[in-house]
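Inspection log for the structure reproduced underneath, given as structure tokens.
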Amino acid sequence: MARKTMQRRGGQRGAKRKRKSRRSRDANHLRGAKVKMEDLDYKNIALLQRLTSAQGKLFSRKRSGLPAPMQRRAALAVKRARFMALLPFVS
């Protein structure tokens, strides 16, 4: 009886499971630590384009890697850049 339950659980007890690599998940993340607070401005179009998707949506904090104050500042900068016609509202 005990042998069958161990087989259902995936083999021997204490066997190491293969871990997924973090590299594939981290490839999608932007590096929030490399973005400085002074760089988040509506005139920095290259940075703002990295923070938006192809549809023109702003990436989430989880995806962009920005802390909350920087994410709020990025949202304001994107809105200002759209109003000044530096960024499109929809791609």
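The values are calculated or read from the model by the stated rules, or taken from the named source; none is laboratory data. Because the structure is a prediction, the values reported are computed rather than measured. Because the Cβ atoms are built from the backbone with ideal geometry, glycine has one as well, and the counts that use them run over all protein chains shown.
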query: Given ALA85, ALA27, which one is among the small types (Gly, Ala, Ser), at pLDDT below 75 and surrounded by fewer than 15 Cβ atoms within 10 Å (Cβ to Cβ)?
result: ALA27
- request: Would you mention how many residues in region 50-74 are among the hydroxyl-bearing types (Ser, Thr, Tyr), under 8 Å from the mean Cα position of the chain (by Cα) and outside any helix (DSSP H, G or I)?
  value: 1
task: Please list, ordered by first then second residue, the pairs with beta carbon atoms under 8 Å, 6 or more apart or interchain, first in region 44-59 and free of Cβ contacts under 8 Å to residues at least 24 places away in the same chain, second assigned to a loop (DSSP other than H, G, I, E, B).
output: LEU47/VAL35; LEU47/LEU40; ARG50/LEU30; SER53/PHE59; LEU58/LEU51
